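Q: Got a structure for you, questions after.
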Amino acid sequence: MKVERSYPCAAVTPKAEAAILRGHPWVYDAEILSMDGAPENGGLVDVRSKKGAYLGTGFLSEASKIRVRLISRNANDRFDAAFWERKLRWAWEYRKTVMDPQDLDACRIIFGEADMFPGLTVDRFHDLLSVQVLSAGMERVKGTLLPLLVDMLRKDGQTIRGVYERNEAALRDKEGLPKYKGWFPLSGEAAPESPVTEITENGVRYLVDVENGQKTGFFLDQKYNRRCVARLAAGKTVLDCFTHTGSFALNAALGGAAHVTAVDVSASAVEMARTNAERNGLAERMDFLTADVFQLLPSLEKEPPRYDFIILDPPAFTKSRRTAASAMAGYKEINYRAMRLLPRGGYLATCSCSHFAEEEKFLAMLRSAAKDAGVRLRQIEARQQSCDHPILWGVEETNYLKFYLFQVV
């Protein structure tokens, strides 16, 4: 049955039409040929081809170059509370299907476009939800979405103490949205007294501060990659570079490493890693160093070899195509140095969390680094982000994490 359309309508270019038909949910401002009706910022608009064919319905963002973000390509959808509850249920049921039950206690429940919630991230940390809203449309409907999500999880037997909004990201400026953080008000409930909770991931316990931690509080996308590192680390002497809260280092130590050195340029990050080690009873087999990895690795070449497993988990060196080339130079430098430090038979875990560090470029960088270091790489595994951060084909932005395990031979 054809539904009568009541939304403003944007006619788009053939280029935009082709992208939508390939599965991409964005329409850029330059791709809109005309706009009929009275659209509102954050409101819904229909998108049609130049010839008038219905392509989808999405949120309008008047201040953004991404002018429309599609939420549906079904002309029969009604965008009421039942629609959003259905989509939330699909996202949660997907996590319950692809993850072990114990892993659901700390996982990403909503991953933006990959779950068809453009501009919305929801991470679960035990009894707290940490939310980031990065689009005008999601800002407009969050008052419906978030109570529905909490209610759904509680009915499924999950304990949820509160919802914290981490809306300080610079991307909100591009949406014309104010930046702030704070507790989302749940009807009839007082805000939790503390934004700190404890999670357990791969057997390692962490305190997570959803108010002050990085991004939404903790990086969940390397969950299963850390598990692979733990498996390889038994009996090894490990150097974990860019350790942040110590997650890779702690997994290696719990996995039976002989000793682990955790390094970060941030003194506060190193202190947090040390606290996490003590919390897990692992401090005796670990040491912690505040240092710039770019300076540390060359200096270690002057000393007798001591590490047979090096982990490189740097922050994103590039957040745009414009800086991708210089980022690749940085990735090559640390990988080249690590390869030179490792003995024959040693192990290397290396990754990039930047979408703009494309896989082909990253692999070419690794080949070049190995050639210059005079080593060969035997690939153990090529991995990506964990399955609670799903990759939606047709939306290349959802495919961002590259993770490789090698033996140097």
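Q: Do you know which residues across the range 181-206 are in contact (Cβ under 8 Å) with a residue 24 or more places away in the chain and either assigned to a strand (DSSP E or B) or among the β-branched types (Val, Ile, Thr) (or both)?
A: Filtering the range 181-206 for residues in contact (Cβ under 8 Å) with a residue 24 or more places away in the chain gives 181, 184, 186-187, 189, 191-192, 195, 197-206.
Correct list: Lys181, Thr197, Glu198, Ile199, Thr200, Glu201, Val204, Arg205, Tyr206.
Q: Which residues, counting only those in the range 380-409, are surrounded by fewer than 19 Cβ atoms within 10 Å (Cβ to Cβ), assigned to a strand (DSSP E or B) and touching a Leu at 6+ places or on another chain (Cβ under 7 Å)?
A: If the condition is that a residue be surrounded by fewer than 19 Cβ atoms within 10 Å (Cβ to Cβ), assigned to a strand (DSSP E or B) and touching a Leu at 6+ places or on another chain (Cβ under 7 Å), then Ile380, Glu381 are the ones that fit.
Q: Quickly run through the range 125-146 and pick out the residues that are touching a helix residue (DSSP H, G or I) at 6+ places or on another chain (Cβ under 8 Å) and open to solvent by 10 Å² or more (accessible area, probe 1.4 Å).
A: Matches in the range 125-146: His126, Leu134, Val141, Thr144.
Q: Collect the residues in the range 290-310 that are open to solvent by 30 Å² or more (accessible area, probe 1.4 Å), in contact with a helix residue (DSSP H, G or I) (Cβ under 7 Å, 6 or more places away or on another chain) and either assigned to a helix (DSSP H, G or I) or closer than 26 Å to Arg205 by Cα (or both), keeping them in residue-number order.
A: Thr290, Phe294, Pro298
Q: Condition first: basic (Lys, Arg), surrounded by fewer than 20 Cβ atoms within 10 Å (Cβ to Cβ), in a helix (DSSP H, G or I) and out of contact with any Cys (no Cβ under 8 Å at 6 or more places or on another chain). Can you find one or more residues in the range 70-78 that meet it?
A: Checked against the condition, which is being basic (Lys, Arg), surrounded by fewer than 20 Cβ atoms within 10 Å (Cβ to Cβ), in a helix (DSSP H, G or I) and out of contact with any Cys (no Cβ under 8 Å at 6 or more places or on another chain), the range 70-78 yields no hits at all.
Q: Give me the residue from the range 324-357 that is touching a residue at least 12 places away in the same chain (Cβ under 8 Å), open to solvent by 40 Å² or more (accessible area, probe 1.4 Å) and farther than 17 Å from Asp292 by Cα and, out of that set, nearest to the chain's Cα centre (by Cα).
A: Within the range 324-357, the match that is nearest to the chain's Cα centre (by Cα) is Cys353.
Q: Within the bounds of the range 207-215, is there any residue that is over 30 Å from Leu282 (Cα atoms), without any contact (Cβ under 8 Å) to a residue 60 or more places away in the chain and either surrounded by fewer than 18 Cβ atoms within 10 Å (Cβ to Cβ) or of a type in the set (Phe, Trp, Tyr) (or both)?
A: The answer is no, given that none of the residues of the range 207-215 is over 30 Å from Leu282 (Cα atoms), without any contact (Cβ under 8 Å) to a residue 60 or more places away in the chain and either surrounded by fewer than 18 Cβ atoms within 10 Å (Cβ to Cβ) or of a type in the set (Phe, Trp, Tyr) (or both).
Q: Looking at the range 207-251, which of its residues are assigned to a strand (DSSP E or B), closer than 14 Å to Phe309 by Cα and of a type in the set (A, V, I, L, M, F, W, C)?
A: Filtering the range 207-251 down to residues assigned to a strand (DSSP E or B) leaves 207-209, 237-241.
If we keep only those that are closer than 14 Å to Phe309 by Cα as well, we get 237-241.
Hits for the range 207-251 are Val238, Leu239, Cys241.
Q: Condition check: out of contact with any strand residue (DSSP E or B) (no Cβ under 7 Å at 6 or more places or on another chain), touching a residue at least 24 places away in the same chain (Cβ under 8 Å), of a type outside the set (Gly, Ala, Ser) and over 19 Å from Asn225 (Cα atoms). Does Leu392 satisfy that?
A: yes
Q: Could you run through the range 157-192 and say how many residues are within 28 Å of Pro101 (Cβ to Cβ), of a type in the set (Asp, Glu) and open to solvent by 20 Å² or more (accessible area, probe 1.4 Å)?
A: Selection size over the range 157-192: 1.
The values are calculated or read from the model by the stated rules, or taken from the named source; none is laboratory data. Since we're looking at a predicted model, the values are computed, not measured. Neighbour counts run over all protein chains shown; Cβ positions are idealised from the backbone, glycine included. Ligands, DNA and RNA are excluded from the accessible area calculation, which covers all protein heavy atoms including side chains. Shrake-Rupley method; radii C 1.70, N 1.55, O 1.52, S 1.80 Å.
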